[in-house]
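*Asks:* After the structure tokens below, expect a handful of questions from me.
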Amino acid sequence: MTASSNLIFYDTETTGLLKDFSQILQCGSIQTDRNLDILNEQNLGCAPLPWIIPHPMAMVTNKKTNLFHSNVSHYELMRDLNRQWRQWTIDEPATFITFNGIAYDEELVRRQFYWNLFESYLTNTNGNGRLDILLMMNNVAAFSPDVLNIPLFNGGPGISLKQADIAEANGIEIGDAHDAIADCKLMIGLLKQINAKKPELIDFFLSISTKPGVQAAVQQPGFIGLGEVFRREIFKYPVVPCGNKAPNDLMFFDLSFEPEEIFEMDTQEIYSLVQKPSKSGPFKKYGINKTIPICPSSMIDNKDIFDMDFAILEKRAEQVRGNTDFQTLVSQAMADKIDNWNNEYEHIEQMIYSGGFPSPQDKNLMADFHRIDSAEERIKITRNISDERHRLFAERIICQTYPHEAPEDMLNRYNSLITQRLTEEGPWGSLDEVMLELDKLLEKDNSDETQGILEETKEFLTQRAESLN
């Protein structure tokens, strides 16, 4: 499958690590072509929302205390980000590239598009795909160690896949670490090094940045190299697909196991292995909507990397691919597994995946909300949004944007939200606990820069608490 040549690298700096309640303060994006030449950049920053509690260590890491007093709102940041990404993808779908983004940045961006009435899934719909370089590095460390120097952690034997450590080990200038644009340039530098030695590996990972790309890749003849790094140790598996569960789950079979021995197991034994896959077992489950650290066996240069000949692995792969009854049984076992997800959430920030998609009518109303810059019209639009989640988010935007025009009932809910988040303990954390932690951190022997950031954070949070009185 042809990979996109339109690449968008992005990184975020945030107020904390809580996906549902932390806020993006900065988002940097860089558009490149397939040669990794920079075409465009965007660097956005905004102030914390009135109910957000910035965590002190997050601020020490990102050093963005200057944004405490920004006159740019969070809605404006997400609006401009949405607008720019759509412009960059209007002629050709893009691959959105992050480092550890599948686990964090992607989830933050999705949620905060959702908070601001934008389509949440911009990065993996309409032909767009996602590539997480950290997951790609799992495969590089396992099967292509010659393309990059993989640093040891504290002298070994474990390795480090921390972005800054890999950059330093390969002579890539780190720049202003934990600045979103600087981190994007660091990602580009890492891929340039791989591209110089093994461009086909980058092409392959770009090709599997979408669901159709993954599905096409795993159906190619032969076996696949699956590389994982767990607790700083590298694991290498020869695998082949053996089952799936709609919409996103894919099961691999580890070819270091003799297929015939697994085929001969009774149904209950196979069900148990499939539904509770272990690191030492024959099954490995992945999501096709995320970066999978795989590569075709043809890209593995070291033919002695496994404990058996490639010819044996190829034969075993044919056995698994040819046993449709086994694949059906594995798929059925996956389908029969009951996922005990708790979708009963109290706060709308937590409901991105549990409340369904907006109706066509609500989507049209939200599009009008963004198009019309009028307090009166936006208030009317908000009243007509049927989904309570989106209606309440719209109210928050109105109260922050038009504090003097907002209706009394909306202002009451808005002010109650701020009071709750700043005075009560909840899944968003606790202002009292953060202030106690700040005082302890300020007593340490900090650098002048760290001490200054902590003092600015304390002053900001103190003013935020006093504003309630």
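The values are calculated or read from the model by the stated rules, or taken from the named source; none is laboratory data. For clarity, every value in this text was computed on a predicted model and none was experimentally measured. Note: ideal-geometry Cβ built from the backbone for every residue, glycine included; neighbour counts use all protein chains shown.
*Asks:* Only residues that are out of contact with any Asp or Glu (no Cβ under 6 Å at 6 or more places or on another chain) and crowded, with 20+ Cβ neighbours inside 10 Å: list them for the stretch 165-187, please.
*Replies:* Residues satisfying the conditions are I166, A167, I172, I181, K185, L186, M187.
*Asks:* Suppose we keep only residues that are in a helix (DSSP H, G or I) and touching a residue at least 40 places away in the same chain (Cβ under 8 Å) within the stretch 156-181. Which one would you say is farthest from the chain's Cα centre (by Cα)?
*Replies:* Looking at residues that are in a helix (DSSP H, G or I) and touching a residue at least 40 places away in the same chain (Cβ under 8 Å), I get I181.
*Asks:* Given the conditions (1) outside the structural domain of D254 (by TED's automatic domain parsing); (2) in contact (Cβ under 8 Å) with a residue 40 or more places away in the chain, which single one is not true for E344?
*Replies:* Of (1) outside the structural domain of D254 (by TED's automatic domain parsing); (2) in contact (Cβ under 8 Å) with a residue 40 or more places away in the chain, only one is false for E344: (2).
*Asks:* A further question on this structure: In the stretch 41-56, is there at least one residue being under 20 Å from L131 (Cα atoms), surrounded by 19 or more Cβ atoms within 10 Å (Cβ to Cβ) and in contact with a Gly (Cβ under 9 Å, 6 or more places away or on another chain)?
*Replies:* Scanning the stretch 41-56 turns up at least one residue that is under 20 Å from L131 (Cα atoms), surrounded by 19 or more Cβ atoms within 10 Å (Cβ to Cβ) and in contact with a Gly (Cβ under 9 Å, 6 or more places away or on another chain).
*Asks:* If I ask for residues that are part of a helix (DSSP H, G or I), among the polar types (S, T, N, Q) and within 21 Å of T401 (Cβ to Cβ), which ones from the stretch 49-96 would you list?
*Replies:* Selection gives N82, Q84.
*Asks:* Mind listing whichever residues of the stretch 120-130 are free of Cβ contacts under 8 Å to residues at least 40 places away in the same chain and either surrounded by fewer than 21 Cβ atoms within 10 Å (Cβ to Cβ) or among the basic types (K, R) (or both)?
*Replies:* Correct list: Y121, T125, N126.
*Asks:* Mind listing whichever residues of the stretch 422-436 are touching a residue at least 24 places away in the same chain (Cβ under 8 Å) and surrounded by fewer than 16 Cβ atoms within 10 Å (Cβ to Cβ)?
*Replies:* T423, G426, P427
*Asks:* Out of the residues in the stretch 197-231 that are free of Cβ contacts under 8 Å to residues at least 60 places away in the same chain and among the hydrophobic types (A, V, I, L, M, F, W, C), which is nearest to P296 (Cα to Cα)?
*Replies:* This residue is I202.
*Asks:* Something else about it: For G222, state whether it is small (G, A, S), under 24 Å from F204 (Cα atoms) and part of a loop (DSSP other than H, G, I, E, B).
*Replies:* Yes, satisfied.
*Asks:* A follow-up question, please. Looking only at the stretch 193-206, how many residues end up being over 17 Å from G227 (Cβ atoms) and crowded, with 16+ Cβ neighbours inside 10 Å?
*Replies:* 3
*Asks:* Give the residues of the stretch 418-450 that are of a type outside the set (V, I, T), in contact with a helix residue (DSSP H, G or I) (Cβ under 7 Å, 6 or more places away or on another chain) and part of a helix (DSSP H, G or I), sorted by residue number.
*Replies:* Correct list: L422, L431, M435, E437, L438, L441, L442.
*Asks:* Something else now. Among the residues of the stretch 397-417, which ones are assigned to a helix (DSSP H, G or I), among the hydrophobic types (A, V, I, L, M, F, W, C) and either in contact with a strand residue (DSSP E or B) (Cβ under 7 Å, 6 or more places away or on another chain) or over 15 Å from S467 (Cα atoms) (or both)?
*Replies:* I397, I398, C399, M410, L411
*Asks:* Is one or more of the residues making up the stretch 43-54 within 16 Å of M187 (Cβ to Cβ), under 23 Å from the mean Cα position of the chain (by Cα) and aliphatic (A, V, I, L, M)?
*Replies:* For the stretch 43-54, residues within 16 Å of M187 (Cβ to Cβ), under 23 Å from the mean Cα position of the chain (by Cα) and aliphatic (A, V, I, L, M): absent.
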